[in-house]
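See structure below.
The values are calculated or read from the model by the stated rules, or taken from the named source; none is laboratory data. From a predicted model like this one, the values you see are computed outputs, not experimental measurements. Note that we place each Cβ from the backbone using ideal geometry, even for glycine, and neighbour counts take in every protein chain shown. Quick note on the areas: whole protein, heavy atoms, side chains included, nothing else; ligands and nucleic acids left out. Shrake-Rupley method; radii C 1.70, N 1.55, O 1.52, S 1.80 Å.
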Amino acid sequence: MIIEPRMRGFICLTAHPDGCAQNVMNQIEYVKSKGAINGPKKVLVIGASTGFGLASRIAAAYGSDAATIGVFFEKAPSAGKTASPGWYNSAAFEKEAHAAGLYAKSINGDAFSKEIKERTLATIKADLGQVDLVIYSLASPVRKHPDTEVLHRSTLKPIGGTYTNKTVDFHTGTVSEISIEPATEEDIENTVAVMGGEDWAMWIDALKAENLLADGATTVAYSYIGPSLTEAVYRKGTIGRAKDDLEATAFKISDKLKDINGKAYVSVNKALVTQASSAIPVIPLYISLLYKIMKAEGIHEGTIEQIQRLYAERLYTGSAVQVDEQGRIRIDDWEMREDVQAKVAQLWKEATTETLPAIGDLAGYRSDFLSLFGFEIDKVDYQKDANELVEIEGLVE
């Protein structure tokens, strides 16, 4: 069928299998073009189907010839209905990986659940024996706690007072003012329960208990800090509390891994267009201004460039991993350069519906957003019938 983007708010309801496949191919080609990385050989990626998680899987497979197991929660296709983009991404990745002689299997289900953890552990035990890298890249708005069965929902709210600032509707380009009411204590607790470090620690505990972590194993979770412009709604808001918890968890996990010479890190990554970030007020406007500046400076990166650099220049250099005073890897270093942030702050003052087309890169933002769903990608004929019924070759049932 002919598949076109169908939008509802900050979500695209359709995904293009050929576009997603080309997106994956573009990332594979980029990693291959950068040369080999003396990196991991057996990798588990939790949250492996989109964004940083997908890039982590691709960079490990094609940078280091790694065997990979990906865990994700995606919607399968049905006749006349497309799958979610992560399904098509994973199908394309596995097809290419298998053709290249690389081990790749996937597990589709709720990564927070005991059932999916057990299925994953059994697959590692049967096929790989142990893993030497665990990437934790979950981005879910909801978590059903595996012990209490309480359903926690995360929120995007400031703490301590109402937050008012500019935002943009990236579909229309309209810049307006938005106010967000402050979080309650329950909002904070729920957000930490969903997006904090508890589930990451549960995964590592389960893997270690079954002796599935190799000596010297590394685990990395992803975080974001951002500028003072966004901190009230992000780093000093409910999500920031969750990120604080995630970062504190890294130290606890490292302590638990000492006996196998293992280490846990949080990598602070750059602001990028994702399904999650598109729903956060203020962030789309910030990103559109940031992109304009970083592209002009020649330092713009997407997810695959970020993760390839994380592997090649931070994690697997042959020497000690460079971290900041809080023990975090900083791969947001180019975004947070003083000159870049000074320019963003100036443009922020100037940003209106009328000025944004000239001073920002909203077109780039929209294009990146649509590409998440397999649309507006070069080399894809969108007038051609596409087969929506794509299967994932290595899906573990």
Charge dipole of the chain built from unit charges on the beta carbon (Lys, Arg +1; Asp, Glu -1), centred at mean Cα; most positive-end Cα among 346, 99, 180 is 99
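With a Förster radius of 30 Å, plug the Cβ-Cβ distance of residue 397 and residue 322 into 1/(1 + (r/R0)^6) and report the FRET value to the nearest 0.05. Write out the running numbers ahead of the final one.
Details: r = 42 Å, r/R0 = 1.39.
Efficiency for this residue pair is about 0.10.
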Within segment 218-377: Cβ-based charge dipole about Cα centre, in debye rounded to nearest 20 (Lys, Arg +1; Asp, Glu -1): 340
Highest-MSF residue in the chain out of 319, 56, 106 [GNM, Cα springs under 10 Å]: 319
Per residue accessible area in Å² of segment 50-128, where ligands, DNA and RNA are left out and the probe is 1.4 Å: 33
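Counting only heavy atoms of the protein chains, get the accessible area per residue of segment 306-358 (1.4 Å probe) and round it to a whole Å² value. Could the numbers behind the result be given before it?
Working: 2780 Å² over 53 residues.
Heavy-atom SASA per residue in segment 306-358 reads 52 Å².
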Find which of 311, 87, 395 sits farthest along the positive direction of the dipole of the chain, computed with +1 on the beta-carbon of Lys and Arg, -1 on that of Asp and Glu, about the Cα centre. 311
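Let me spell out the model: positive unit charges on the Cβ of Lys and Arg, negative unit charges on the Cβ of Asp and Glu, origin at the Cα centre of the chain. What dipole size does that give, in debye rounded to 20? Write out the running numbers ahead of the final one.
Numbers: 42 positive and 55 negative charges, 57 e Å.
The calculated dipole for the chain is roughly 280 debye.
Of the listed pairs 81/236; 34/292; 166/236; 81/379; 295/379; 263/343, which have alpha-carbon separations greater than 28 Å here?
Details: 81/236 40 Å; 34/292 25 Å; 166/236 17 Å; 81/379 23 Å; 295/379 23 Å; 263/343 37 Å.
Exceeds cut-off: 81/236; 263/343.
By how many nm would the segment from residue 385 to residue 352 grow when fully extended, if each residue of separation counts as 0.36 nm and the alpha-carbon distance is taken off? Please report the intermediate quantities before stating the final value.
Details: separation 33, 0.36 × 33 = 11.88 nm, distance 4.02 nm.
Once the chain is fully extended between residue 385 and residue 352, it gains 7.9 nm.
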Can you compute the charge dipole magnitude of segment 1-97 about its Cα centre, using +1 on each Lys and Arg Cβ and -1 on each Asp and Glu Cβ, nothing else charged? Give it in debye, rounded to the nearest 20. 200
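Percent antiparallel among DSSP beta bridges with both residues in the chain, to the nearest 5?
Values: 13 of 41 bridges.
Around 30 percent of the beta bridges assigned by DSSP in the chain are antiparallel ones.
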To the nearest 0.05, what FRET efficiency results for residue 98 and residue 38 with a Förster distance of 22 Å applied to their C-beta separation? 0.40
Placing +1 on each Lys and Arg Cβ and -1 on each Asp and Glu Cβ in the chain, then taking the dipole about the Cα centre, the residue among 56, 130, 148 whose Cα reaches farthest towards the positive end is 130
In terms of the Cα gyration tensor, with a ≥ b ≥ c the square roots of its eigenvalues, is segment 320-397 rounded because a/c is under 1.5, prolate because a/b exceeds b/c, or oblate? oblate
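Could you tell me which of rounded, prolate or oblate describes the chain, using a ≥ b ≥ c as the square roots of the eigenvalues of the alpha-carbon gyration tensor, with rounded for a/c under 1.5 and, failing that, prolate when a/b is larger than b/c and oblate otherwise?
Values: a/c = 1.44, a/b = 1.18, b/c = 1.22.
Verdict is rounded for the chain.
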Counting heavy atoms of the protein chains only and a 1.4 Å probe, report the per residue accessible area for segment 186-248 as a whole number of Å². 33
Accessible-area composition of the chain, carbon plus sulfur, in percent [1.4 Å probe]: 50
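Between rounded, prolate and oblate, where does segment 292-338 land on the alpha carbon gyration tensor, with a ≥ b ≥ c its root eigenvalues, rounded for a/c under 1.5, else prolate if a/b exceeds b/c? Each step should come with its number before you reach the end.
Numbers: a/c = 2.85, a/b = 1.56, b/c = 1.83.
Verdict is oblate for segment 292-338.
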Average the reciprocal distances over every distinct pair of alpha-carbons in segment 111-196, invert the result, and give the Kirkwood radius in Å. 16.3
Are there trypsin sites (Lys or Arg not before Pro) in segment 295-397 that DSSP puts in a loop and that have at most 13 other Cβ atoms within 10 Å, and which ones? 379, 384
Between 364, 374, 161, find the one with the highest GNM mean-square fluctuation for the chain; connect C-alpha pairs within less than 10 Å. 161
Which residue, 332, 147, 244, tops the fluctuation ranking in a GNM of the chain built on C-alpha contacts under 10 Å? 147
Fully extended contour minus Cα-Cα distance, from residue 119 to residue 153, at 0.36 nm per residue: 9.7 nm
So which aspartates and glutamates pass the test for residue 384, namely a Cα distance under 19 Å, with those fewer than 8 places away in the same chain ruled out? 4, 18, 376
